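Just below is one structure, and these are the notes that go with it.
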């Protein structure tokens, strides 16, 4: 596997590789932004510790609102503050925001193009022991279909920070997915990040693996395993799922001829759907979607659950080899 040098990635096998939950990065960036912009306010649904809003609440108590376990109010109050000129950041478990308050997100935030930035924390199978009821596997599907909404699934700590800063600087609604558990922090400050711009992290010609969120690192590790078997796999990070990078997708499709998408989400309505929809209109090729196949998750350590459903490096590499036999 040949890493793209312009991406400035760290060696995936560095012994000192840090592992940090992306929700931590969201909280860190929020505090920094709060110090730069007095119009920034933060709201939470009684889970400030879990979504890493506590530091902001302590530093800027006059700009923090705790609405309690009431996600519908969370969205509506945030929208009201945005109408008055504030930049409202809201944090909750993704299963309940946007899961529980979708209508309020649609009507009070997106319909009005309100300047509200949503952190959906504890996403996907990575939530592990909390089980199927708390494993948000449909949140991309229900947010990327909303007009005016920008949906980003960052791959690690650095990329999450960049996404939060981009959301702050860009008017309108944002939804940013964040992990509960620690994930490898393999990108750097020099790694490019632009909303709507897909990053090709590794070059290849036989097949292209397109991923987002915590599955990006596993996809790179899978590409290493595939290289050992003589398979040249490109790996791309499509962090902005609501705005597919059509030009970059077409280039990969023309180069490789076969696309596999990998996501910690249902394959219906998520990253795979976005890629397939885009390519079907500009350059149709086979797109194999890998993720949850319309199933609920189950309890267990996050890494074990991901492995069971083939979303670790070994599972991804296995699927690629199966697809190449077709």
If one compares the long axis through the Cα atoms of helix 71-83 with the longest principal axis of the Cα atoms of the chain, the angle in degrees, nearest 10, works out at 70
Taking a ≥ b ≥ c as the square roots of the eigenvalues of the Cα gyration tensor, with a/c under 1.5 meaning rounded and otherwise prolate when a/b exceeds b/c and oblate if not, the range 213-326 is oblate
Of 230, 27, 172, the most mobile residue in a GNM of the chain (C-alpha springs, cutoff 10 Å) is 230
antiparallel share of DSSP beta bridges within the chain, to nearest 5, in %, is 20
Computed over the chain: longest principal axis from alpha-carbon atoms vs helix 313-324 long axis, angle to nearest 10 degrees, is 50
FRET efficiency for residue 282 and residue 62 from the Cβ-Cβ distance with R0 = 51 Å, rounded to 0.05, comes out at 0.55
As a percent rounded to 5, the proportion of antiparallel DSSP bridges among beta bridges in the range 19-184 is 10
Taking 71-83, 30-42, 110-122, 276-288 and ranking on average Cβ neighbours within 10 Å, highest first, one gets 110-122, 71-83, 30-42, 276-288
By the C-alpha gyration tensor axes a ≥ b ≥ c (rounded if a/c is under 1.5, else prolate when a/b exceeds b/c, else oblate), the shape of the range 218-271 is oblate
Connecting every pair of Cα atoms under 10 Å apart in the chain and solving the GNM, the largest mean-square fluctuation among 135, 66, 266 falls on 66
Hits in the range 285-314: amide N under 19 Å from the 7 Å Cα→Cβ extension of residue 132, namely 291-311
Between the Cα axis of helix 157-169 and the main Cα principal axis of the chain, the angle (0 to 90°, nearest 10) is 50
Taking a label point 7 Å from the Cα of residue 32 along Cα-to-Cβ, the residues of the range 39-64 whose backbone nitrogen sits under 15 Å from it are 56
In nanometres, the difference between 0.36 nm per residue of separation and the alpha-carbon distance of residue 303 and residue 206 is 32.1 nm
Taking the convex hull of the alpha-carbon atoms of the range 1-153 and averaging its shadow over every direction gives an area in square nanometres of 11.2
In whole angstrom, the spacing between the Cα centers of the range 84-105 and the range 267-326 equals 27
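No lab work stands behind these numbers, since they all come straight from the coordinates. From a predicted model like this one, the values you see are computed outputs, not experimental measurements. All Cβ positions, even for glycine, are placed from backbone atoms using ideal geometry, and neighbour counts span all protein chains on display.
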